[in-house]
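The values are calculated or read from the model by the stated rules, or taken from the named source; none is laboratory data. Keep in mind it's a predicted model, so treat the numbers as computed, not measured. With ideal geometry, Cβ positions are generated from the backbone for all residues, glycine too; neighbour counts draw on all protein chains shown. What goes into the accessible areas is simple: the full protein's heavy atoms, side chains included, and nothing from ligands, DNA or RNA. Shrake-Rupley method; radii C 1.70, N 1.55, O 1.52, S 1.80 Å.
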Amino acid sequence: MINNMISEANHLSGQEIGLCYHCHKCAAGCPVVGAMEYGPDRLLRMVALDQRDAVLRSRDIWLCAGCYTCATRCPNDIDISAVMDALRQLAVTEGYPAGERDALLFHKLFLGVVQRLGRSHEAAMLGLFKILSRVPIYRDIDSGVALIRRGKVPILPEKSGAAPEVQQIFRRSK
Ligand code: SF4
Ligand code: SF4
């Protein structure tokens, strides 16, 4: 039986957290570290120290954008985004509330859209998010309109030809 947090997180993420020597390069490049409570390198240390409750309650695991910047900077090739995925999985499994308001809703909507279309569709996802999270629908509307005008965000969703394969991945993951 796996009986400490670092073993569990290593097992779920496929990473070797013990290799971290806290050089801080990941945190220095993380685009959302300013909004985090601890930052990626401190969070890894907390996992190693078995500070389970603080880690699983932390909003950092929900703020991670999965951008892989940390992984590309790490001298020990630790993919922290995979560790963050594992920590979110543990938090949800153990019934911890998401440390960031509506983060779980956002993740569910993103996965729901990808499952249905075989790809992401930002306009659909953000429209649904605003309605369900009760964020004022007109907040940020200017940025959205500008992105649509520049052709960066299509208004109508388009199903990917790979949607059946993507749906099969979702079925298998369950
Ligand atoms: S860059 Fe790698 S070794 Fe350095 S603190 Fe981050 S995870 Fe640890
Ligand atoms: S993957 Fe997450 S922790 Fe790593 S740099 Fe990006 S946002 Fe930060």
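The long axis of helix 163-173 is offset from the longest Cα principal axis of the chain by roughly 30 degrees. Once C-alpha pairs closer than 8 Å and six or more residues apart are averaged by separation and normalised to the residue number of the chain, the relative contact order reads 18 percent. Remark: the chain carries a charge dipole of roughly 680 debye about the Cα centre, counting +1 on each Lys and Arg Cβ and -1 on each Asp and Glu Cβ. Exposed loop sites here mean GluC sites (Glu not before Pro) with a DSSP loop assignment and at most 10 other beta-carbon atoms within 10 Å; the chain contains its longest site-free run at 1-93. Each listed q (0.14, 0.16 Å⁻¹) maps to a log10 I(q)/I(0) for region 101-172, found by the Debye formula over equal Cα scatterers with no solvent: -0.49, -0.62. The residue among L90, G66, Q15 whose Cα reaches farthest toward the positive pole of the charge dipole of region 5-93, with charges on the beta-carbon of Lys, Arg, Asp and Glu, is G66.
Annotation for I141 and I169: the two label points, set 7 Å from Cα along the Cα-Cβ direction, are 3.5 nm apart. Per q in 0.09, 0.13, 0.19 Å⁻¹, report the Debye log10 I(q)/I(0) for the chain, using one uniform scatterer on each alpha carbon and no solvent. For the chain at q = 0.09, 0.13, 0.19 Å⁻¹, log10 I(q)/I(0) is -0.38, -0.77, -1.28. As an exercise, identify the trypsin sites (Lys or Arg not before Pro) in region 19-96 lying in DSSP coil whose Cβ has no more than 16 other Cβ atoms within 10 Å. Taking region 19-96 and a limit of 16 other Cβ atoms within 10 Å, the loop trypsin sites (Lys or Arg not before Pro) found are R59. Note on region 52-174: with neighbouring protein chains present and a 1.4 Å probe, carbon and sulfur make up 55 percent of its accessible heavy-atom surface.
Å³ per residue of the Cα convex hull, for region 1-92?
On the way: hull volume 7.5 nm³, N = 92.
Hull volume over Cα atoms, normalised by residue count, gives 81 Å³.
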